[in-house]
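J.: Handing you this structure, nothing more for now.
Only the coordinates and a few stated rules stand behind these numbers; no lab work does. From a predicted model like this one, the values you see are computed outputs, not experimental measurements. Reconstructed Cβ throughout: ideal geometry from the backbone, glycine too, with neighbour counts over all protein chains shown.
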Amino acid sequence: MLPPAHTSATGLLLDAFDAQLFRENAGTAAAKLHDHLSELSIRGLDLIDPATLSEAARALMTEEREEAAGLDEKKLAAIIDLYVRTGIPVHSPGYMGRQFSGVVPLGGVIDFVSSVVNQPSSFYEAAQLPNVAERIMADELNRFIGWDPDRFAMVTTSGGSLANLTALLAARNRAFPDFWAAGNPALDGAPRPAIATGADAHYSVSRAAGIMGIGEAQIVRLPLDAEQRIDLDQVGPALAAAEQRNLKVFCLVASAGSTAVGAFDRIDALADLARERGLWLHVDGAHGASLLVSDKLRHKLKGIEKADSLAWDAHKMMFVPAPCTLLFYRDKEAGLGAFRQNASYVFDEKTDPYTELDSGDKNFECTKRPMIMPLWSLWALYGRGLFAKKIEYLCRLTDDAHRILCAEPDFAAVHRPEANIMCFRYLPSGLPDGNVHGLQKAIRDRIKRQGNFFISKVDIDGVAALRVVMMNHRITTDHFTALLSEIRRVGAEVLSGDSGAGL
Ligand SMILES: Cc1ncc(COP(=O)(O)O)c(C=O)c1O
């Protein structure tokens, strides 16, 4: 028999894991989040100096001691308040800045369930419903991609960056079957493996080249056309030049919704080009793949059925808690070659109906969040209409905002928006060309600090532009017009404060 000290937990330990206390405190959190979600005024970020915030956070910490402290419910409430208050108010109509969004609140409820039942989802035995839900969502979404239901595969990954890396690994392993075990063939004098992608592809693509041992220098940057899409006329010459440099391009990465301006590369033509040359076509649809669920917008990804893989962030345009990324492969045999490892404690030599759904050998993570659950639950509860309606509204709104902008003589659109991202510049009359870059940056920084709106900025052709990403269906054209007034006001402040100098 074990000594009594080993058989009974202390009262404090019991308290910390107590179901009743959990229920009461979950109620407190829900009430606070209700207040948070109900506050819909036009707001941006209340940017706090990190030292001040650290001080506030440290003030909430229990003094160091060996015994666990008892629960102070006021402190818990204060932690929740501080957390909520210091975030970007993503559900306010003032938030137009980035690609993450206010989630469908019930998605948060399901995510909360996931956190408490804590089922890591790479293995069926640990997360039965999430694994089944992954299969169901894969089938549901593949209806819009159009791949052979018996041949395609899908794994979830913790974000679009990891999905891009995983797909590129699969592509590399198909083209260079020995790379995984033997290393880069270029070490033995063979042509260097390389990846071709648009000049403004998301940085995760070149990062993947670094991680995979291919080297960032082996990214072949394809020039863009006036619409910021890969210029189809330049692909052939760029690939020929790469070959001259002793590069062996094995993968072409297209963007379906580029990060900077939301441009959609022409997948249809790129897929034909990739096939002719035996290249893997990966589509980075982290932002824009969600347009597939809309009958009106699906055409932006025309030709997707000819791609080899597709990264799709549901935590962007499907409005679920991050991370939730789905990585699709047209051919499961090729796709599932991304990782080649044996680990007897988790990977079985032969699968059965239970282990067949395991994804531990197909994704990078071992312990993985059951990220599909909010997406599947919302899809189950509301159907695809919820997502399609919101996406269509956001794209229409951005188009309307573009029209409003074009009618203003002191603003210039950088491009015609294809989805819900739009970049533009504030160009008051008399502004010297040399000050354009500095003025946009100064305006964005001041707006970020002043707290009425939240927008972002991006350099396009080396010159800064203001960038809005419409992720919130509560934003109307009136809010956009108010943003333009704010930009004029802040711009005047900047120009008068600095007398235009130093921009
Ligand atoms: C086109 C594109 N690809 C990849 C990513 C990276 O996705 P994640 O932030 O989920 O890693 C982003 C994120 O902004 C993106 O816009």
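J.: Which one, Val103, Val283, Gly337, is farthest towards the positive end of the dipole of the chain when Lys and Arg carry +1 and Asp and Glu -1 on their Cβ?
T.: The one lying farthest along the dipole's positive direction is Val283.
J.: May I pose another question? Where in region 54-97 are there GluC sites (Glu not before Pro) that are in a DSSP coil and have at most 15 other Cβ atoms within 10 angstrom of their Cβ?
T.: Values: sites: Glu55, Glu63, Glu64, Glu66, Glu67, Glu73; in loops: Glu63, Glu64, Glu66, Glu67.
When the GluC sites (Glu not before Pro) of region 54-97 are filtered for loop state and at most 15 Cβ neighbours within 10 Å, Glu63, Glu64, Glu66, Glu67 remain.
J.: Please find the FRET efficiency linking Thr52 to Arg207, where r is the Cβ-Cβ separation and R0 is fixed at 22 Å, and quote it to the nearest 0.05.
T.: Values: r = 33 Å, r/R0 = 1.49.
About 0.10, to the nearest 0.05.
J.: Still on this structure, please answer the following. Determine, for each peptide in 164-172, 364-372, 423-431, the mean count of other beta carbons within 10 angstrom over its residues, then list the peptides with the highest first. Write out the running numbers ahead of the final one.
T.: Details: 164-172: 25.0, 364-372: 20.3, 423-431: 17.1.
Averaged packing, sorted descending, gives the order 164-172, 364-372, 423-431.
J.: Please work out the FRET efficiency for the pair Lys75 and Val132, using the Cβ-Cβ distance as r and a Förster radius of 41 Å; give the result to the nearest 0.05. Don't skip to the answer; put the middle values down first.
T.: Working: r = 39 Å, r/R0 = 0.96.
The formula returns an efficiency of 0.55 here.
J.: So how far apart, in nm, are the two label points at Glu333 and Arg245 if each is 7 Å from Cα heading toward Cβ?
T.: Simple spin-label model gives 3.4 nm for this pair.
J.: Expressed as a fraction of 2.2 N^0.38 Å, the rule-of-thumb size for a compact globular protein of N residues, what is the C-alpha radius of gyration of region 120-383? Display every interim value, and only then the final one.
T.: Numbers: Rg = 17.9 Å, N = 264, 2.2 N^0.38 = 18.3 Å.
For region 120-383, the normalised Cα radius of gyration comes out at 0.98.
J.: Kirkwood Rh over alpha-carbon pairs of the chain, then Stokes-Einstein at 4 °C and 1.567 mPa s: what D in µm² s⁻¹, rounded to an integer?
T.: It comes out at roughly 52 µm²/s.
J.: Want the number for Thr481 to Phe112: 0.36 nm per residue separation, take away the alpha-carbon distance, what's left?
T.: Details: separation 369, 0.36 × 369 = 132.84 nm, distance 3.71 nm.
Here the answer is 129.1 nm.
J.: Still on this structure, please answer the following. Pairs of alpha-carbon atoms within less than 8 angstrom and 6+ residues apart define the contacts here; what relative contact order does region 386-497 have, in percent? Intermediate values should be presented prior to the final figure.
T.: Details: 146 pairs, mean separation 29.5, N = 112.
RCO, region 386-497: 26 percent.
J.: Pairs of alpha-carbon atoms within less than 8 angstrom and 6+ residues apart define the contacts here; what relative contact order does region 378-431 have, in percent?
T.: Details: 50 pairs, mean separation 15.2, N = 54.
Computed over region 378-431, the figure is 28 percent.
J.: Tell me, in nm to one decimal, what length is gained between Asp433 and Arg488 on full extension, where the rule is 0.36 nm per residue of separation less the Cα-Cα distance? All intermediate terms of the calculation are to be shown ahead of the outcome.
T.: Details: separation 55, 0.36 × 55 = 19.80 nm, distance 1.77 nm.
Taking 0.36 nm per residue and subtracting the Cα distance, the gain is 18.0 nm.
J.: Here is a further query. Kirkwood Rh and Cα-based Rg: tell me the resulting Rg over Rh for region 107-218, rounded to two decimals. Spell out each step's value before the answer.
T.: Working: Rg = 17.9 Å, Rh = 16.9 Å.
Here Rg/Rh amounts to 1.06.
J.: If the chain between Tyr83 and His402 were fully stretched, how many nm would it gain, using 0.36 nm times the residue separation less the Cα-Cα distance?
T.: Working: separation 319, 0.36 × 319 = 114.84 nm, distance 3.47 nm.
Result: 111.4 nm gained on full extension.
J.: Further, regarding this structure: When the dipole is taken about the Cα centre of the chain, and only Lys, Arg (+1) and Asp, Glu (-1) are charged at their Cβ, what size is it in debye, to the nearest 20? Please report the intermediate quantities before stating the final value.
T.: Values: 53 positive and 63 negative charges, 214 e Å.
Roughly 1020 debye, rounded to the nearest 20.
J.: For every helix of n ≥ 4 consecutive DSSP H residues, a contribution of -39,500 (n - 2.57) applies; sum these over the chain, divide by its total residues, and give [θ] at 222 nm rounded to the nearest 500 deg cm²/dmol.
T.: On the way: 18 runs with 212 residues, N = 503.
Estimated from H runs of four or more residues: -13000 deg cm²/dmol.
J.: Still on this structure, please answer the following. Could you tell me the relative contact order of the chain? Use alpha-carbon pairs under 8 Å, at least six residues apart, and round to a whole percent. Numbers along the way, then the final one.
T.: Numbers: 859 pairs, mean separation 100.5, N = 503.
Rounded, it is 20 percent for the chain.
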